[in-house]
Each structure stands twice: as C-alpha cells, then as structure tokens.
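The values are calculated or read from the model by the stated rules, or taken from the named source; none is laboratory data. All values reported here derive from a predicted model rather than from experimental measurement. Ideal geometry is used to build each Cβ from the backbone, glycine not excepted, and the neighbour counts take in all protein chains shown. Accessible surface areas use protein heavy atoms only, side chains included; no ligands, DNA or RNA. Shrake-Rupley method; radii C 1.70, N 1.55, O 1.52, S 1.80 Å.
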Amino acid sequence: MEECLKRADEVDAKILRLHETVGEINTLLAETPQGADGGGEALAEYQAAMLEKLRALRISMDEEGAQNAAIKSERDSAVSSLATSEEKLAKQQFRIVHLLRAIEAGVGGGGS
C-alpha cells in the first residue's frame with residue numbers, strides 16, 4: 001500500500017511540474033517581442049514546434065492522470081480492506097479472550 005501511495009505522490013508531483021512548465025512557456029510566449037512582421041516564418045515554426053510539445057505534454061498528463069486515478073482507487077480499496085480486516089481481527093481477539101476466561105473458570109471451578 002505504501003508503494004501505491006508513493007507512486008500516486010510521484011504522479012501528482014510530475015503533473016504539477018508539467019503544469020508549471022506549461023505556465024512558464026505561456027509566460028515566455030507572451031513576453032517574446034515580435035518584429036514588425038509579427039514574427040514571420042521563424043515564429044510560425046517555433047509556435048508549431050511548441051504546440052506539438054504541448055500536445056505531447058497533454059497526452060502524457062492524461063495518461064498519467066488515468067494511472068493516478070487507478071492507483072488511488074486501488075489504494076482506497078486496500079485501505080477499506082485493511083480496515084475491515086482489522087475490525088474482524090479485533091472481534092476475534094475479543095472472543096478468544098472471553099473463551100480463554102470461560103475455559104479457565106470452568107477448569108478452576110470444576111476441578112475444586
């Protein structure tokens with residue numbers, strides 16, 4: 001279960017870094033001065049390349065988001081299962097203690 005939690009945290013951190021990178025790129029694009037022709041062909045090529053990188057980032061984020069959701073679901077299931085198991089264990093321990101007391105009382109009372 002710790003591994004699932006660790007992996008989910010890693011995915012969340014990676015997604016956060018990707019969001020920050022996209023924000024930085026958008027800031028840089030907004031601050032980039034353009035020539036009299038609006039940037040021309042070089043700008044168009046740069047924008048096309050950047051758009052392709054952003055699309056790849058979006059696909060990567062979507063895939064990792066789906067994996068993250070699956071990991072969280074698995075983790076929640078494991079936590080629920082653990083809680084149920086711990087509850088059953090506590091009940092069984094309670095029963096064992098009382099059965100042992102009853103046996104001791106029967107042996108001690110019947111032997112006298």
Sorted peptide list for 60-68, 78-86, criterion being average Cβ within 10 angstrom, highest first: 60-68, 78-86
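I'd like to know how the chain sits against the 2.2 N^0.38 Å rule of thumb: what's its Cα Rg over that expected value?
2.30
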How many percent of the accessible area of the chain is carbon or sulfur, using a 1.4 Å probe? 57
Expressed in square angstrom to the nearest 10, the accessible area of Glu31 with a 1.4 Å probe stands at 130
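Report, in debye and to the nearest 20, how large the dipole of the chain comes out about its Cα centre when Lys and Arg carry +1 and Asp and Glu carry -1 on their Cβ.
On the way: 13 positive and 20 negative charges, 204 e Å.
That gives the chain a dipole magnitude of about 980 debye.
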Can you work out ³J(HN,Hα) from phi for every residue in the stretch 94-103, in order, using Karplus 6.51 cos²θ - 1.76 cosθ + 1.60 and θ = phi - 60°, giving whole Hz and x for Gly and Pro? 4, 5, 4, 4, 6, 5, 4, 4, 5, 5
Mean residue ellipticity at 222 nm from the helices of the chain, using -39,500 (n - 2.57) per DSSP H segment of n ≥ 4 over the full residue count, to the nearest 500 deg cm²/dmol? -34000 deg cm²/dmol
How much area per residue is accessible in the chain when the probe is 1.4 Å and only protein heavy atoms are counted (Å²)? 78
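If Lys and Arg each add +1 and Asp and Glu each add -1, what is the summed charge of the other residues whose beta carbon sits under 12 Å from the beta carbon of Glu3? Could you put the intermediate results ahead of the total?
Working: positive: Lys6, Arg7, Arg75; negative: Glu2, Asp9, Glu10, Glu74.
Around Glu3, the surrounding residues sum to -1.
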So what J values fall out for the stretch 21-30 if you push phi through Karplus, 6.51 cos²θ - 1.76 cosθ + 1.60 with θ = phi - 60°, rounded to Hz, Gly and Pro as x? 5, 4, x, 5, 5, 4, 5, 4, 5, 5
Using a 1.4 Å probe on the protein heavy atoms only, what accessible surface does Val22 show? Give it in Å² to the nearest 10. 40
Tabulate in residue order the Karplus-calculated ³J(HN,Hα) for the stretch 49-65, using 6.51 cos²θ - 1.76 cosθ + 1.60 with θ = phi - 60°, rounded to whole Hz; enter x for Gly and Pro. 5, 5, 4, 5, 5, 5, 5, 5, 4, 4, 4, 4, 5, 4, 5, 5, x
